[in-house]
Amino acid sequence: MILKRGPDDRRSAPPRSSKFTLSARGKDPQLPILRYLAREFPHIAIAQVESIFGFVERCTLYGGRPFGAPELSARDVAVIYECGMGLRLPLSNHHVAREEYERNRAFLARYHRKGNSVITTSEQLAAWIGDEFPAFEIEASVIKEIDTAEKIAEALEIYDTVVIPMRLNLDLEFLERAAPKARITLFANAGCALTCPSKICYPSFSQANKFTGKKTMCSFSLRPRELYGMLDFDLDKLAAMGFQRFKMLRSRDHGLTGY
């Protein structure tokens, strides 16, 4: 199920039925979004891009990565809309109080439109957004570790879609049983989260994104691992199993990541 990609490999076009949410993590906001997509994801047609996710402006609701600066400019967002793609906001912070949600209402209102979506870890945040901003699609973050049929069923009572851990792409028996496949998002490729021994980064990113001076943490400093290129999953096989929704990451600038 894994296709190991070398530095000079060209990936083939994905199945036509597949839809993607693509990462703009680390993108220079001065680089136009279409040039960025052509450089980072040349094998994926714009028509197959459901959404782009990344930071648009400072916000304490972000999770998944530490906020340093916006990655998508206002012009990028406009082009995303013009091309029929959606914006996906990574609001997967572990800690969200009602007062903080209320402080970010104007932020949410700016991006509230049909076709846009949010990713959350907090079920409270998902409920608040769903009640007040119904045009957003709400997706359960991979950080929630939704890794059983029971957890999928429970999550889909709250969320429109769920992202399941990338390691489950290797469990064919689980994937065959997983349902409903139309509401499950799989990773199209794998980075360090595939085999990370602790994932201590995620809660530390949540703390850092409150802008209180907290430092981020990574288990690599505790348990060093060899660095490899990104790993691609076999999308033809996953599509043949009935999966259509995929989340695709970009390689870091040096082309390496740990797994």
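For R252, indicate whether it is within 19 Å of the chain's Cα centre (by Cα) and at pLDDT below 70.
yes
Screening the candidates L72, L125, L61, L87 for the property of being crowded, with 20+ Cβ neighbours inside 10 Å and assigned to a helix (DSSP H, G or I) yields one hit, L125.
Within the range 15-52, which residues are of a type in the set (A, V, I, L, M), outside any helix (DSSP H, G or I) and more than 15 Å from L87 (Cα to Cα)?
Within the range 15-52, L31, I44, A45 qualify.
Of all the residues in the range 229-243, those that are among the basic types (K, R) and either touching a Pro at 6+ places or on another chain (Cβ under 6 Å) or surrounded by 17 or more Cβ atoms within 10 Å (Cβ to Cβ) (or both) number 0.
Right, L156: under 29 Å from D236 (Cα atoms) and in contact with a Phe, Trp or Tyr (Cβ under 6 Å, 6 or more places away or on another chain) or not? Taking the combined requirement at face value, the residue does not satisfy it.
Restricted to the range 119-150, and to residues that are of a type in the set (A, V, I, L, M) and over 16 Å from T21 (Cα atoms), which residue is nearest to the chain's Cα centre (by Cα)?
Applying the first criterion (of a type in the set (A, V, I, L, M)) to the range 119-150 yields 119, 125-127, 129, 135, 138, 140, 142-143, 146, 149.
Going one step further and asking which of them are over 16 Å from T21 (Cα atoms), we end up with 125-127, 129, 135, 143, 146, 149.
Values: L125: 17, A126: 16, A127: 20, I129: 18, A135: 19, I143: 10, I146: 14, A149: 21 Å.
Step by step, filter the range 119-150, then rank; the result is I143.
The residues on offer are E139, E157, and the sole one that is modelled with pLDDT of 95 or more and outside any strand (DSSP E or B) is E157. Taking every residue in the range 122-133 that is farther than 13 Å from E102 by Cα and pairing it with any residue that is acidic (D, E) and surrounded by fewer than 18 Cβ atoms within 10 Å (Cβ to Cβ), at least 6 positions away or on another chain, the pairs with Cβ-Cβ distances below 9 Å are G130/D160.
Scanning the range 158-186 for residues that are among the β-branched types (V, I, T) and exposed (fewer than 13 other Cβ atoms within 10 Å of the Cβ) returns no hits. Taking the criterion of being in contact with a strand residue (DSSP E or B) (Cβ under 7 Å, 6 or more places away or on another chain) and without any contact (Cβ under 8 Å) to a residue 40 or more places away in the chain, the residues of the range 138-159 that qualify are I138, A140, I146, I152, A155, L156, Y159. If the condition is being hydroxyl-bearing (S, T, Y) and closer than 15 Å to V162 by Cα, then the range 105-134 contributes S117, T120, T121, S122.
For R110, are the conditions met, namely being over 19 Å from the mean Cα position of the chain (by Cα) and over 28 Å from R16 (Cα atoms)?
Yes, satisfied.
The values are calculated or read from the model by the stated rules, or taken from the named source; none is laboratory data. Here the structure is a predicted model, which is why all the values come from computation and not from measurement. Positions of Cβ are backbone-derived with ideal geometry, glycine not excepted, and every protein chain shown enters the neighbour counts.
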